[in-house]
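Novice: Following this message is one structure expressed as structure tokens.
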Amino acid sequence: MSLVMPERDRLVSLRRDLHRHPEPAWREFYTTARIVEELRSIGVDELHVGADAIDPGNRMAVPGDDQLADWFQRATDRGDVDVDLLGLMEGGFTGAVAVLRRGEGPTIGLRVDIDALLREESTADDHHPAAEGFRSETPAMHACGHDAHATLGVGVLEAIAGDEDFEGTLKVFFQPAEEQIGGGKAMATSGHLDDVDYLFAAHVGLDHPTGEIVAGIDDFLAVHHLRADFSGEPAHAGAKPEQGRNAIQAMATAIQNLYGIPRHSDGMTRVNVGEVGGGSATNIIAEDAFVEAEVRGSTTELKDYMLEKAERVLFNAAEMHECEVELTTHGEAPSATSDQELVDVVFDVANGDADVDSVLERDALGGSEDATYLMQAVQSHGGLATYIGVGTNHPGGHHTSTFDVDERSLVPGVRVLAESIKRTAQQLP
């Protein structure tokens, strides 16, 4: 019996609704509720929401209470969301895990991310969401396709739920906070992956056109986001400069030397300072300053090398200017590799799909992704994982104000993922 696919119009409608109401990391209140609404209509055997879907103690990059409360109130004020459901997420415990149990067979997972970016969306007449009336109505934007990812997750669940030939268990992980590298670890350590034998993760676009599938993506850069808060001593900059301890001098020294960290011969390494601030007035020796930065490496070990050097730079810069510094981890993720056995399954499935024009066996991501936590969690107990690219034409690059998804990619994306899951259950031990 072949897969019973969800209707294209329903997939498009869901994607557009999520696109119109984007929410950033740990604030995906409406997003999670809307997904749960779809899951309930499909009918699943288990549904875990909020703190029940994640390990609350491993959340990273959680925003302040005021931001969480503001976005929670925004979702509550809509008036069309189940308040009891929202109550499960209050405080930033978003995300969901849906489970279908269909008899004996392996347990297969699919991970999709659901958060948006804090950026304004284009209002240009030639920007499709603006022209068609589903441009963002919040201060965030789905500028990386996570609205499509959540839709793929719902679509795959519906396709498998209606397939009488599927034998096994399917778990779909609707993960929050990927954009801040903050949610993957919390979901990986939730316990829901402990029995997963095979894991698929997916991303749309990545400069691959509509009709192209990448069966296995590799070369994830391991990443660590950190914040350094420098503390000094204020003084009058004109009358008594010697009495101050200048936190901005410490910050500036740190920035200069972070970029001077020697790169490693074993592989790609990166460092970047993305945000800085501090001080209060031009005539006051600054008593505080901060740096928000990241380091990356083509392996987790290379990332750790960069992090060790970066921490040394920050502490030494503070000491040089008689300041103190406090370091905080905002988010991090390891590297990972797609397993060939699952790559082969996806490659064969995609090659047999009439809506797929080209198939690549592998490609390099060249960036970072916290799906790697889930991949490693499955691989650590002998399971297999792969990260799949679903091509989609996207005007504007990822994270830009004009990014959009070609909705023609939704149906073949669901079909390739669902058929790969079904074939894995049938063919792999």
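The values are calculated or read from the model by the stated rules, or taken from the named source; none is laboratory data. As the structure is a computational prediction, the values presented were derived from the model and not from experiment. Using ideal geometry, Cβ is built from the backbone for each residue, glycine included, and neighbour counts are taken over all protein chains shown. Accessible surface areas use protein heavy atoms only, side chains included; no ligands, DNA or RNA. Shrake-Rupley method; radii C 1.70, N 1.55, O 1.52, S 1.80 Å.
Novice: Restricting to the stretch 94-148, and then to whatever is open to solvent by 10 Å² or more (accessible area, probe 1.4 Å) and assigned to a strand (DSSP E or B), can you tell me which residue is nearest to Ala69 (Cα to Cα)?
Specialist: Leu117
Novice: Another one. Asp194: at pLDDT below 95 and either over 16 Å from the mean Cα position of the chain (by Cα) or open to solvent by 10 Å² or more (accessible area, probe 1.4 Å) (or both), yes or no?
Specialist: Values: at pLDDT below 95: no; either over 16 Å from the mean Cα position of the chain (by Cα) or open to solvent by 10 Å² or more (accessible area, probe 1.4 Å) (or both): yes.
In short, no.
Novice: Say we look at the stretch 309-326 and pick out the residues that are out of contact with any strand residue (DSSP E or B) (no Cβ under 7 Å at 6 or more places or on another chain) and either polar (S, T, N, Q) or within 12 Å of Val271 (Cβ to Cβ) (or both); which of these is least open to solvent (accessible area, probe 1.4 Å)? It would help to see each step written out before you state the result.
Specialist: Of the residues in the stretch 309-326, the ones out of contact with any strand residue (DSSP E or B) (no Cβ under 7 Å at 6 or more places or on another chain) are 309, 312-313, 316-317, 319-320.
If we keep only those that are either polar (S, T, N, Q) or within 12 Å of Val271 (Cβ to Cβ) (or both) as well, we get 309, 313, 316.
On the way: Lys309: 65, Val313: 27, Asn316: 79 Å².
That would be Val313.
Novice: May I ask you to list the residues in the stretch 66-92 that are closer than 17 Å to Leu118 by Cα and open to solvent by 90 Å² or more (accessible area, probe 1.4 Å)? Steps first, please.
Specialist: Keep residues of the stretch 66-92 that are closer than 17 Å to Leu118 by Cα, which gives 66-72, 74-75, 92.
Those that are closer than 17 Å to Leu118 by Cα and open to solvent by 90 Å² or more (accessible area, probe 1.4 Å): Asp66, Asp70, Arg74.
Novice: A further question follows. Restricting attention to the stretch 351-361, does a residue exist that is assigned to a strand (DSSP E or B), modelled with pLDDT of 95 or more and charged (D, E, K, R)?
Specialist: Residues of the stretch 351-361 assigned to a strand (DSSP E or B): 358-361.
From what's left, modelled with pLDDT of 95 or more: 358-361.
Now restrict to residues that are charged (D, E, K, R): 361.
Yes: the stretch 351-361 contains one or more residues that are assigned to a strand (DSSP E or B), modelled with pLDDT of 95 or more and charged (D, E, K, R).
Novice: Please enumerate the residues belonging to the stretch 82-123 that are closer than 23 Å to Leu374 by Cα and of a type in the set (Gly, Ala, Ser).
Specialist: Gly92, Gly95, Ala96, Ala98, Gly105, Gly109, Ala116
Novice: Can you tell me how many residues within the stretch 231-282 are in a helix (DSSP H, G or I), open to solvent by less than 70 Å² (accessible area, probe 1.4 Å) and within 30 Å of Glu301 (Cα to Cα)? Talk me through it step by step, then tell me what you get.
Specialist: Filtering the stretch 231-282 down to residues in a helix (DSSP H, G or I) leaves 241-243, 247-258.
Cutting the leftovers down to open to solvent by less than 70 Å² (accessible area, probe 1.4 Å) gives us 241, 247-248, 250-255, 258.
Remaining after also requiring within 30 Å of Glu301 (Cα to Cα): 250-255, 258.
Looking only at that region, the number is 7.
Matching residues to (1) in contact with a Ser or Thr (Cβ under 7 Å, 6 or more places away or on another chain); (2) outside any helix (DSSP H, G or I); (3) basic (Lys, Arg); (4) surrounded by fewer than 20 Cβ atoms within 10 Å (Cβ to Cβ):
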{"position": "Leu374", "(1), (2), (3), (4)": "no, no, no, no"}
{"position": "Thr386", "(1), (2), (3), (4)": "yes, yes, no, no"}
{"position": "Asn393", "(1), (2), (3), (4)": "yes, yes, no, yes"}
{"position": "His399", "(1), (2), (3), (4)": "no, yes, no, yes"}
{"position": "Asp404", "(1), (2), (3), (4)": "no, yes, no, no"}
{"position": "Val411", "(1), (2), (3), (4)": "no, no, no, yes"}
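Novice: On to the next question. Restricting to the stretch 147-169, name every residue that is within 18 Å of Val12 (Cβ to Cβ), of a type outside the set (Gly, Ala, Ser) and in contact with a helix residue (DSSP H, G or I) (Cβ under 8 Å, 6 or more places away or on another chain). Let's see the steps before the verdict.
Specialist: Applying the first criterion (within 18 Å of Val12 (Cβ to Cβ)) to the stretch 147-169 yields 147-159.
Then keep just the ones that are of a type outside the set (Gly, Ala, Ser); that gives 147, 149, 151-152, 154, 156-158.
Matches in the stretch 147-169: Asp147, Thr151, Leu152, Val154, Val156, Leu157, Glu158.
Novice: Still on this structure: Could you look through the stretch 1-28, keep only residues that are open to solvent by 10 Å² or more (accessible area, probe 1.4 Å) and assigned to a helix (DSSP H, G or I), and pick out the one that is farthest from Trp71 (Cα to Cα)?
Specialist: Checked the stretch 1-28; the qualifying residue farthest from Trp71 (Cα to Cα) is Arg8.
Novice: Does Phe347 fit the bill of being more than 23 Å from the chain's Cα centre (by Cα) and either touching a residue at least 24 places away in the same chain (Cβ under 8 Å) or open to solvent by 50 Å² or more (accessible area, probe 1.4 Å) (or both)?
Specialist: On the way: more than 23 Å from the chain's Cα centre (by Cα): yes; either touching a residue at least 24 places away in the same chain (Cβ under 8 Å) or open to solvent by 50 Å² or more (accessible area, probe 1.4 Å) (or both): yes.
Yes: the conditions hold for Phe347.
Novice: While we're on this one: Taking the stated definitions as given, is Ala418 aliphatic (A, V, I, L, M), under 23 Å from the mean Cα position of the chain (by Cα) and open to solvent by less than 10 Å² (accessible area, probe 1.4 Å)?
Specialist: Working: aliphatic (A, V, I, L, M): yes; under 23 Å from the mean Cα position of the chain (by Cα): yes; open to solvent by less than 10 Å² (accessible area, probe 1.4 Å): yes.
It is true that Ala418 is aliphatic (A, V, I, L, M), under 23 Å from the mean Cα position of the chain (by Cα) and open to solvent by less than 10 Å² (accessible area, probe 1.4 Å).
Novice: Sort out which residues of the stretch 193-232 are in contact with a helix residue (DSSP H, G or I) (Cβ under 7 Å, 6 or more places away or on another chain) and over 28 Å from Val172 (Cβ atoms), and write them in order of number.
Specialist: Answer for the stretch 193-232, where residues must be in contact with a helix residue (DSSP H, G or I) (Cβ under 7 Å, 6 or more places away or on another chain) and over 28 Å from Val172 (Cβ atoms): His224, Ala228, Phe230, Ser231, Gly232.
Novice: Also, quick follow-up: Quick one: in the stretch 174-219, of everything that is charged (D, E, K, R) and part of a loop (DSSP other than H, G, I, E, B), which residue is farthest from Glu419 (Cα to Cα)? Show your work before the answer.
Specialist: Initial filter on the stretch 174-219 (charged (D, E, K, R)): 178-179, 185, 194-195, 197, 207, 212, 218-219.
After this cut, where a residue has to be part of a loop (DSSP other than H, G, I, E, B) as well, the list is 178-179, 194-195, 197, 207, 219.
Working: Glu178: 26, Glu179: 28, Asp194: 23, Asp195: 21, Asp197: 17, Asp207: 24, Asp219: 25 Å.
Result: Glu179.
Novice: Conditions: (1) over 25 Å from Pro395 (Cα atoms); (2) acidic (Asp, Glu); (3) touching a strand residue (DSSP E or B) at 6+ places or on another chain (Cβ under 7 Å). Glu121 meets all but one. Number of the miss?
Specialist: With respect to (1) over 25 Å from Pro395 (Cα atoms); (2) acidic (Asp, Glu); (3) touching a strand residue (DSSP E or B) at 6+ places or on another chain (Cβ under 7 Å), Glu121 is out only on (1).
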